[in-house]
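The values are calculated or read from the model by the stated rules, or taken from the named source; none is laboratory data. Note that the coordinates shown come from a computational prediction; the quantities given were computed from them, not determined experimentally. Cβ placement follows ideal geometry from the backbone for every residue including glycine, while neighbour counts extend to all protein chains displayed.
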């Protein structure tokens, strides 16, 4: 928890500082901002499945530490180049690609590690507390990024992210790994394991639905996030400090959403709660689309961001818990990877589309299109049986023998709603760190 919290805080510094660096110091155009976002979103689409399979076959701690150290080394080159007066947009894009690839490696192991550290009956509560803590860390990181940018400059502010990766690696090395996390021996075929993971998701109705919801949400949010910094910094004339503060205040919504998700799920049912949150998300974009320069609108945008991230966090922690409790321990990494791969594959396309539409139609109309796209995941979820799910699934999946994908027994129909089939094959997950809904 300590290491991951430090890493989230550091990543939030970069999340706030990198676009400021590109727009204010490297004079990035609309299309260049879109290409920068595209570069960061490409590695998850290409590497997620392999990273998930590796997480299931090798000690997760080593994979997490390797990702942290590679990220620290890559980000450290940016302030070094800036100090020498040699920083370019191409270097920023290259570092973004390397850092994103290392993050895929790290997160595939980190998310699938949690169910091995707590009893499965406590997974939802654990995800809720982890999500709330990460949201606080993200808020602190955004404020820290704004402060460091004002006191130093954007490039040197990135040193905070370098330090956070080193803290994360150090803490991860001290975790006493459960025996179940150790890799099984014998000859194994990576591509066969990847295929088994994809089948595991495809054959489960709930996970297939949640994956489609996540992918469509991810596409819409990626389109919005591509032009978010450009819109606030240029169209609405926000200062870098105000931009960071707005992100920081908005991220507090993720704390509320994550912390309240278990109680809301118990009171209203996981299905109705997620359906309501998905319905509210498009409405939170209205103040952003109507905004004009000025302090009052900056406050309104911050409030809208609070609502958006509260909904995203409540949905994220709940559906993450559903996936984890119904997935066998030897499939956790591939379950995560299948979701990450599908949702991440949509983001580079959304970034390119945002750049094209932003150049052709303008930034504000493009953001309006992104807001309308948020209606798609709502429609997908509303048409599924998950909308009436009144209780969390049985947290005791049946173990499988190596190489098998046996179907667990059916789950009884939940009280107050229709029967939702027990996973026949499960595989999915997302590590939605605060702020991006990266979903989602």
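Some notes on this structure:
- Exactly one residue out of 36, 49, 105, 84 is over 30 Å from residue 201 (Cβ atoms) and modelled with pLDDT of 85 or more, and it is 84.
- Every listed requirement among (1) in a helix (DSSP H, G or I); (2) more than 26 Å from residue 34 (Cα to Cα); (3) out of contact with any helix residue (DSSP H, G or I) (no Cβ under 6 Å at 6 or more places or on another chain) is met by residue 390 save one, (1).
- Residue 285 vs. criteria closer than 22 Å to residue 128 by Cα and either modelled with pLDDT of 85 or more or surrounded by 24 or more Cβ atoms within 10 Å (Cβ to Cβ) (or both): no
- Meets criteria (under 30 Å from residue 56 (Cβ atoms) and in contact (Cβ under 8 Å) with a residue 24 or more places away in the chain) for residue 142: no
- When segment 52-63 is limited to residues that are at pLDDT 85 or above and more than 19 Å from the chain's Cα centre (by Cα), the one that is surrounded by the most Cβ atoms within 10 Å (Cβ to Cβ) turns out to be 61.
- Any hit, segment 145-163, residues being modelled with pLDDT of 85 or more and closer than 25 Å to residue 385 by Cβ: no
- When each of 314, 310 is tested for being without any contact (Cβ under 8 Å) to a residue 60 or more places away in the chain and either in contact with a strand residue (DSSP E or B) (Cβ under 9 Å, 6 or more places away or on another chain) or closer than 30 Å to residue 63 by Cβ (or both), the lone residue that passes is 314.
- Which numbered condition residue 180 fails, given (1) farther than 25 Å from residue 84 by Cβ; (2) at pLDDT 80 or above; (3) in a helix (DSSP H, G or I): (2)
- Only listed residue being farther than 30 Å from residue 325 by Cβ, in contact (Cβ under 8 Å) with a residue 12 or more places away in the chain, surrounded by 23 or more Cβ atoms within 10 Å (Cβ to Cβ) and touching a helix residue (DSSP H, G or I) at 6+ places or on another chain (Cβ under 6 Å), chosen from 233, 247: 247
- A count restricted to segment 319-340 and to residues that are closer than 16 Å to residue 394 by Cβ and buried (at least 24 other Cβ atoms within 10 Å of the Cβ) stands at 6.
- Unique match (being modelled with pLDDT under 75 and surrounded by 15 or more Cβ atoms within 10 Å (Cβ to Cβ)) among 343, 426: 426
- If you check 317, 359, 327, 366 for being more than 16 Å from residue 212 (Cα to Cα) and in a loop (DSSP other than H, G, I, E, B), only one passes: 327.
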